[in-house]
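Worksheet: the structure to be examined is printed underneath.
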Amino acid sequence: MRLSRFLLLAGCLGIATLASPAGAATFRWANDGDVNAMDPATRQETVQLSFLANIYEPLVRRNRDLKLEPSLAVSWEQTSPTVWRFHLRPGVKWQDGSPFTADDVVFTLKRIQSKDSALRAPMSPVKEARKIDDLTVEFETFQPDPIFLQEQTNLLIMSKAWCEAHNATEPVIIGKEDNYALHNAMGTGPFKLVSREPDRRTVVEKNPGWWDKPLYNLDRVEFDVIASAPTRVAALLSGEVDMIYSVPPQDIARIKQTDGLKLLQTPELRTIFLGFDQSRDELPSSDVKGKNPFKDVRVRQAVALAIDEPIIAKRVMLGLGHPTYEMWGPGVNGYDAALDVRPKADPAKAKQLLAEAGYPTGFKVGLDCPNDRYVMDEQICTALVPMLARIGIKIDLNAQTKSKFFNKIGAPGYDTDFYMLGWTPATYDAHNVLYTLLGTRNGKRGEVNDGGYSNPTLDALTDKIGVETDQTRRNDMIRQAIEIVQKDVASLPLHQQVIVWATKNNVDVAQPADDTFPYRYVHVK
């Protein structure tokens, strides 16, 4: 899933000495789900990339206001419409003391473009990277790319020598293979990884040799996985942790009324949506044999009309959701409020459409959902069950931890018939969604198109959007793309959620709208 800096979350490096703000501290926080792996090329997922951006750094990052700023590159310029030259930051060291050079940048691009990388899509416009000298590197794109810099913010640079020494020159698929980089990390960022216990605790300590001036005052950060919402809240109330990243909506009032604690809330750029398998000829979880109901647009339209999203946002999410009918929301380039009009729930019309499609009594199908990733995710999916039952679609709900969920529905197996997913376009641009989530799967395009939707007309339009530099013409094309996606019900947008965190009063953090958690802005008083 780039102008995105992917604000920090966990740790990296430990070498020389560099003074940090007075009153250095240990910071403890908890979330309901873990980071899946320490290798940045294994998953396009906010929690993982955000955490690893504390250990590994991109050439270009985002600041606390989500604006682009230099990171491992101090400056850049275009030498032609398809060539970008980056001037690398001198004096940067890896955790092992070796120098950061252009060789690491060229290596990282090749690694992230390898066959088992989960981040090939953001780098697919790049033809090659060339070393000019130790501190200069050029990227050549196949065509002019209007959002090239935005796409670089998830290119977290890895040490060529470290990967070679540990036989990790290519990423592996989580759950299918194993390698050293899945469990270990060695970067250039403000924190270094010191211990890793999957699904329990991950600890980082400050990198005293970090090249940047620390704004944080942390010596150590302990990240605990506490899946149970009551236990997680209790840990905050008792002072066991300084922050919880995922606040259950039902506990907001209680935390707000507790002395010594504070809530942080902001609208998120992420859109939560439902996806349909539209590639297989038969759905394994369905009682319909010999055909796939979701290949018929009337069935997808019926699902849209069966769901009363305003009720979900109000009653299930307790007001922490904004109903939507676009796959990207406010704050993302290409959002069009005039087209963000969700059809009202109409079970009678939905039943009629199902009958016309040949399913007058409905059908059975499985629904895959995470239970530890989004605001009230399992509860939302549970609420969908009776809504769809009203029109005859009988749901077999499979709610599981995000690590199992992502492994199941994603590449390479795409083992899902019907699923709920959330997506923040890391470029903050509609093209990211059109290319990555809705493009026809071809090894690069459609990398997170877990349902296999395919529309050649949309693909052709997406390609034009990807190279159009005139903003007015480009936004007109994005508007056309919205209309195609809505007409096809390619996927079914539900809502944008509100991010809610809670901390002790003596803790200051940055809370970006992309739901990343940058350790480098944490200050404990």
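Let me confirm something: among Val299, Val288, which residue is more than 22 Å from Val448 (Cβ to Cβ), surrounded by 15 or more Cβ atoms within 10 Å (Cβ to Cβ) and in contact with a Pro (Cβ under 6 Å, 6 or more places away or on another chain)? It would help to see each step written out before you state the result.
Working: Val288 fails: in contact with a Pro (Cβ under 6 Å, 6 or more places away or on another chain).
Of Val299, Val288, the one residue that is more than 22 Å from Val448 (Cβ to Cβ), surrounded by 15 or more Cβ atoms within 10 Å (Cβ to Cβ) and in contact with a Pro (Cβ under 6 Å, 6 or more places away or on another chain) is Val299.
Output the residue which, of all residues in region 56-92 that are part of a strand (DSSP E or B) and among the aromatic types (Phe, Trp, Tyr), is surrounded by the most Cβ atoms within 10 Å (Cβ to Cβ).
Of the residues in region 56-92, the ones part of a strand (DSSP E or B) are 60-62, 68-70, 73-80, 83-88.
Then drop every residue that is not among the aromatic types (Phe, Trp, Tyr), which leaves 76, 84, 86.
Values: Trp76: 19, Trp84: 22, Phe86: 24.
So the residue we want is Phe86.
Once region 104-133 is narrowed to residues that are touching a helix residue (DSSP H, G or I) at 6+ places or on another chain (Cβ under 6 Å) and in a loop (DSSP other than H, G, I, E, B), the residue that is surrounded by the most Cβ atoms within 10 Å (Cβ to Cβ) is Leu119.
Check whether at least one residue in region 33-55 is open to solvent by 40 Å² or more (accessible area, probe 1.4 Å) and either over 20 Å from Ile244 (Cα atoms) or touching a Phe, Trp or Tyr at 6+ places or on another chain (Cβ under 6 Å) (or both), and report yes or no.
Step one: filter region 33-55 for residues open to solvent by 40 Å² or more (accessible area, probe 1.4 Å), giving none.
So far as region 33-55 goes, no, none of its residues is open to solvent by 40 Å² or more (accessible area, probe 1.4 Å) and either over 20 Å from Ile244 (Cα atoms) or touching a Phe, Trp or Tyr at 6+ places or on another chain (Cβ under 6 Å) (or both).
The single residue among Leu434, Leu458, Leu438 that is open to solvent by less than 40 Å² (accessible area, probe 1.4 Å), farther than 27 Å from Asp34 by Cβ, among the hydrophobic types (A, V, I, L, M, F, W, C) and in a loop (DSSP other than H, G, I, E, B) turns out to be Leu438. Within region 373-387, the only residue that satisfies the criterion of being open to solvent by 20 Å² or more (accessible area, probe 1.4 Å) and among the hydroxyl-bearing types (Ser, Thr, Tyr) is Thr382. Applying the set (1) assigned to a helix (DSSP H, G or I); (2) open to solvent by 10 Å² or more (accessible area, probe 1.4 Å); (3) closer than 16 Å to Val332 by Cβ to Ala513 leaves exactly one unmet item: (1). Gly452 meets the conditions (1) of a type outside the set (A, V, I, L, M); (2) in contact with an Asp or Glu (Cβ under 8 Å, 6 or more places away or on another chain); (3) open to solvent by less than 40 Å² (accessible area, probe 1.4 Å); (4) not in a loop (DSSP other than H, G, I, E, B) in every case but one. The failed one is (4).
Of these, Ala313, Ala304, which one is in a helix (DSSP H, G or I) and either of a type in the set (Lys, Arg) or under 28 Å from Gly413 (Cβ atoms) (or both)? Even if it seems obvious, please write down each step before you answer.
Numbers: Ala313 fails: either of a type in the set (Lys, Arg) or under 28 Å from Gly413 (Cβ atoms) (or both).
Only one candidate passes the filter, namely Ala304.
Condition first: open to solvent by 50 Å² or more (accessible area, probe 1.4 Å) and not aliphatic (A, V, I, L, M). Can you find one or more residues in region 146-153 that meet it? If you could, list the steps in order and put the result at the bottom.
Restricting attention to region 146-153, the residues satisfying the condition of being open to solvent by 50 Å² or more (accessible area, probe 1.4 Å) are none.
The answer is no; no qualifying residue exists.
The strands (runs of 3 or more DSSP E) found entirely in region 363-424 that carry 2 or more residues being β-branched (Val, Ile, Thr), more than 25 Å from Thr436 (Cα to Cα) and at pLDDT 95 or above are 393-400.
In region 175-188 there is no residue matching the filter, namely being among the hydroxyl-bearing types (Ser, Thr, Tyr), in contact with a strand residue (DSSP E or B) (Cβ under 6 Å, 6 or more places away or on another chain) and open to solvent by less than 50 Å² (accessible area, probe 1.4 Å). Note on region 214-249: residues that are open to solvent by 60 Å² or more (accessible area, probe 1.4 Å), assigned to a loop (DSSP other than H, G, I, E, B), modelled with pLDDT of 95 or more and within 18 Å of His523 (Cβ to Cβ) amount to 0. Within region 403-417, track down each residue that is crowded, with 17+ Cβ neighbours inside 10 Å and in contact with a helix residue (DSSP H, G or I) (Cβ under 7 Å, 6 or more places away or on another chain). Listed by number, the list holds a single entry, Thr416.
The number of residues in region 180-221 that are over 21 Å from Thr42 (Cβ atoms) and of a type in the set (Asp, Glu) comes to 3. Residue count for region 154-188, restricted to those that are at pLDDT below 95 and under 20 Å from Glu57 (Cβ atoms): 1. For Ile252, are the conditions met, namely being among the aliphatic types (A, V, I, L, M), touching a strand residue (DSSP E or B) at 6+ places or on another chain (Cβ under 6 Å) and open to solvent by 10 Å² or more (accessible area, probe 1.4 Å)? So Ile252 fails the test.
The values are calculated or read from the model by the stated rules, or taken from the named source; none is laboratory data. Because the structure is predicted, anything quoted here is derived from the model rather than measured. Note that we place each Cβ from the backbone using ideal geometry, even for glycine, and neighbour counts take in every protein chain shown. Each accessible area value is taken on the protein alone, full model and side chains, heavy atoms only, with ligands, DNA and RNA left out. Shrake-Rupley method; radii C 1.70, N 1.55, O 1.52, S 1.80 Å.
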